[in-house]
1. In the range 627-641, which residues are closer than 20 Å to residue 755 by Cα and in contact with a strand residue (DSSP E or B) (Cβ under 6 Å, 6 or more places away or on another chain)?
2. Could you tell me which residue of the range 369-388 is nearest to ligand 3 (Cβ to nearest atom), considering only residues that are open to solvent by 10 Å² or more (accessible area, probe 1.4 Å) and of a type outside the set (A, V, I, L, M, F, W, C)?
3. Can you name the number of the only condition in (1) under 27 Å from residue 126 (Cβ atoms); (2) within 16 Å of ligand 2 (Cβ to nearest atom); (3) surrounded by fewer than 21 Cβ atoms within 10 Å (Cβ to Cβ) that residue 684 fails?
4. Among the charged types (D, E, K, R), over 17 Å from residue 745 (Cα atoms) and either within 12 Å of ligand 2 (Cβ to nearest atom) or not assigned by TED's automatic domain parsing to the domain that holds residue 740 (or both), is that true of residue 461?
5. Answer yes or no: is there a residue in the range 34-57 that is in a loop (DSSP other than H, G, I, E, B), more than 30 Å from residue 620 (Cβ to Cβ) and modelled with pLDDT of 80 or more.
6. If you check every pair at least six apart or on different chains, which have Cβ atoms under 8 Å apart with a residue in the range 446-463 that is under 18 Å from residue 598 (Cα atoms) first and a residue that is of a type in the set (D, E, K, R) and open to solvent by 70 Å² or more (accessible area, probe 1.4 Å) second?
7. Among the residues of the range 215-245, write down those that are of a type in the set (S, T, N, Q) and within 16 Å of ligand 1 (Cβ to nearest atom).
8. Yes or no: the range 342-350 includes at least one residue that is touching a Pro at 6+ places or on another chain (Cβ under 9 Å), at positive phi and assigned to a loop (DSSP other than H, G, I, E, B).
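The values are calculated or read from the model by the stated rules, or taken from the named source; none is laboratory data. The model shown is predicted, which means the values in this text are computed figures rather than measured ones. Because the Cβ atoms are built from the backbone with ideal geometry, glycine has one as well, and the counts that use them run over all protein chains shown. Heads up: the accessible areas ignore ligands, DNA and RNA and are worked out on the full protein's heavy atoms, side chains in. Shrake-Rupley method; radii C 1.70, N 1.55, O 1.52, S 1.80 Å.
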Amino acid sequence: MSLDRAEQQDDGVEPRVGPAPDGPPRVRPYDHPAAGWGAAESVTRFLVKEGALLDGPRAIRRMNHEDGGFDCPGCAWPDDTKGLRLDICENGIKHVTWEMTRKRAGREFFAAHTVTELAGWTDHALEDTGRLTEPMVYDPDTDHYVPISWKDAFELVGRTLRALDGPDRAAFYTSGRLGNEATFLYQLLARELGTNNLPDCSNMCHEASGRALTASLGTGKGTVDLKDWETADALFILGVNAASNAPRMLTALAEAHRRGARIVHVNPLVEAAATRTIIPHDFRDMATFRATSTSSLNLQPRIGGDMALLRGMAKAVLEQAASDPKALDREFVERYTHGFEEYREVCAATSWEEIEHQSGLPREEILEAARVYREADRSIVSWCLGVTQHEHGVDTVREIVNLLLLRGNLGREGAGPSPVRGHSNVQGNRTCGIDHRPSGAFLDRLGEVCGIDPPRAHGLDTVRTVEAMRDGEVTVFVGMGGNFALAAPDTPVTYAALRNCELTVQVSTKLNRSHVVHGRRALILPCLGRTEKDHQRKGEQATSVEDSMSMVHLSRGMKRPASPHLLSEPAIVAGMARAALPDSPTPWAWYVEDYDRIRDTMARVLDGFEDFNRRVRLPLGFRIRQPARELVFLTPSGKAEFSSAPLPDVVPEPGTLALGTMRSHDQWNTTIYSDDDRYRGVKSLRTLVFMNRADMRERGIAELAPVDITATARDGGTRALHGYLAVPYDIPRGCAAGYMPEMNVLCALGDYSTQSDQPIMKHLKVVIEPSG
Ligand SMILES: Nc1nc2c(c(=O)[nH]1)N[C@H]1C(S)=C(S)[C@@H](COP(=O)(O)OP(=O)(O)OC[C@H]3O[C@@H](n4cnc5c(=O)[nH]c(N)nc54)[C@H](O)[C@@H]3O)O[C@H]1N2
Ligand SMILES: Nc1nc2c(c(=O)[nH]1)N[C@H]1C(S)=C(S)[C@@H](COP(=O)(O)OP(=O)(O)OC[C@H]3O[C@@H](n4cnc5c(=O)[nH]c(N)nc54)[C@H](O)[C@@H]3O)O[C@H]1N2
Ligand SMILES: [Mo]
């Protein structure tokens, strides 16, 4: 890796994460179908670049197969239920290839570069050095990472943890890649130590969904599965860029459209999934360029306007019910729900003027969406970050449930709420105990089965962990995967917080920002990836994962590990635990010899995991029981709860815009593959802001002109980015959008939702002006 390929970085004040652009920025509307040959071509280029043209295709054939193989380490969309189809996508392939690269960041690499030098590289350049090969420790005297044995590394972690003046001085972060078995051991380590400080990436993505669904239905997950997607009459897709972030959903959408289902997309941007697609595994379609439409209706509300739209749809259903009794499922509402009368009154009291003003949509469009909903016997509402990363994310998800309840769209085939989760096992992490607010019942079972006395006080989430590190209250940070430095809000504050730690430990596959922004002492512990064989004393091991639709199944790596010195994640957790807890009652080493042993313990602790080892080996695994699916509601009233929250005011003040941060097509969270965003027609540019043309004109901003973006936090503080290029885009007036993680610089740490504690990453209050 030579420095000339990597751009110098201004210590994170205005981070440049992408590779050096390979040409001048170019913007041109994309008018091809999603997936199809554009995706195939992009995949081939990628395989060549990573030197994986031989291994890649072989690995990809083993991905998401019912008979063994590994689970795609990309998104959490479920595998095809029809068995052996090529159920893969462009971004999944990129993701696997990125992990399987032939490049290596070994000890020679670290000897050649100081950490200060590496801190000047782009994030793309850091990850592009390849797979990490052995444990490394930071040496402050030389400013280099130097090799350390696993034994000494564990001892350093153990010694530091044992010396803390309390267990709450440590925090244990999880990124949603971690398999279930390692997850279970990891939370056990934290709780045996005595803390619930288990921040995770869910704190930044679906915390709002979990809280809302728990309050409304008594379980924090969606109730539908892929079969339901195959039988729904209407699909409502809110706030997700499916063609990039859950590409296998394209197949479900195209198939739904072919059988006559209606599909309504709700997004300030008309994303590629809301147009048409060429189904990638349908070779006839590929050969004949036959595209299938994936949309019946596109609605472009203002940022944050979803709740008003949903309330408008509910209001329309209730108004219709006055003359058409079939519009409302009265029997369902009476038998299974609580709080309907109050909700009906709230809907009646919310005027159409307010609904139009807050949603940014004309009444006719809202009525049209309501008509699709009313005419469908079975409806699914699906959503992702466009709904959750807002101040009122919980109220909005509860409004989704309100709407579903009105027509009994719950507990039957083809109907229900369906959040699209992020990382491949982020849902499994929660199920297996990563929760800073664990229930008393879970802790009781854990304590009883594992012979420990778990702490009862709630722990710290992501935002609170940054605050605590900044203030010196947490001094040891362990990151189980992920890239906390770049993923968390308020980049300079997060950097300072990590640097304030006594010890930072990153368990990772590739070099990233969180290794070069580190504590006084720092460890890099390299682990096996999902694609690699995991050999332990009792033979080759498989780990289990849970998808967005609560299916739990085994994932088995098939590649030789990137280096003989890598350890599995369960082995790394066990190593740290043995060093930190010399008197532990947990048989850490014995567990790691054979993951069936971990699963046997999990079966006794976790609801729905009875007979875990047998059921996880069934061809498609097993589905965790969803009480709400069976119309059993674990709520205080024993019924599904309507919520009657008032509509929030989301209309930007004059002169300001609402800005949302999002992913490009060519990135995986903080992993940036290129500076392109194919479906949005952007090449060689990430430091951009999408704006409405009229908003640009009003401010005297020309196409691709440099602008300054200033965000104002709730406490009045301001944060700015300079010289971003304005890209005119089909986005409602008053709205703007740009890329994470660069724009985390604009997100104030204190600006998290009072409902979910999630950072408000989709609704920043900004002023945009020409630069200079
Ligand atoms: N290839 C790839 N796949 C991924 C990821 C990745 O980075 N790359 N990340 C994974 C992870 S961890 C997650 S959590 C998911 C994220 O998946 P997404 O939720 O699709 O992620 P974002 O890119 O943040 O896109 C948010 C979408 O919401 C829209 N939006 C913004 N504001 C609003 C609003 O107020 N209302 C509505 N209705 N829409 C709005 C944006 O226009 C955009 O289409 O994807 C997962 N899958
Ligand atoms: N402004 C803004 N910020 C956001 C968001 C947003 O929409 N806007 N989205 C948020 C969301 S939804 C999320 S999920 C977070 C993402 O936050 P994270 O999950 O923390 O970040 P990733 O970029 O997914 O982590 C990438 C790193 O994971 C490591 N890795 C990859 N595979 C493995 C593995 O198998 N094992 C281990 N141990 N490590 C591995 C590699 O070293 C790689 O560098 O970002 C959040 N931040
Ligand atoms: Mo996420």
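1. If we filter the range 627-641 for residues that are closer than 20 Å to residue 755 by Cα, which is where we start, we get 635-636, 640-641.
Residues satisfying the conditions are 635, 640, 641.
2. As a first pass, look at the range 369-388 and keep what is open to solvent by 10 Å² or more (accessible area, probe 1.4 Å): 371, 374-375, 377-378, 384-386.
Subset that is of a type outside the set (A, V, I, L, M, F, W, C): 371, 374-375, 377-378, 386.
Working: 371: 33, 374: 33, 375: 34, 377: 33, 378: 28, 386: 13 Å.
Ranking the candidates gives 386 first.
3. (2)
4. On the way: among the charged types (D, E, K, R): yes; over 17 Å from residue 745 (Cα atoms): yes; either within 12 Å of ligand 2 (Cβ to nearest atom) or not assigned by TED's automatic domain parsing to the domain that holds residue 740 (or both): yes.
Taking the combined requirement at face value, the residue satisfies it.
5. Checked the range 34-57: no residue is in a loop (DSSP other than H, G, I, E, B), more than 30 Å from residue 620 (Cβ to Cβ) and modelled with pLDDT of 80 or more.
6. Pairs that qualify, where the first residue is under 18 Å from residue 598 (Cα atoms) and the partner is of a type in the set (D, E, K, R) and open to solvent by 70 Å² or more (accessible area, probe 1.4 Å), are 447/453; 449/604.
7. Within the range 215-245, the first condition is being of a type in the set (S, T, N, Q), and the residues that meet it are 216, 219, 223, 231, 241, 244-245.
Within the range 215-245, 241, 244, 245 qualify.
8. If we filter the range 342-350 for residues that are touching a Pro at 6+ places or on another chain (Cβ under 9 Å), which is where we start, we get 346, 350.
Narrowing further to those that are at positive phi: none.
Scanning the range 342-350, I find no residue that is touching a Pro at 6+ places or on another chain (Cβ under 9 Å), at positive phi and assigned to a loop (DSSP other than H, G, I, E, B), so the answer is no.
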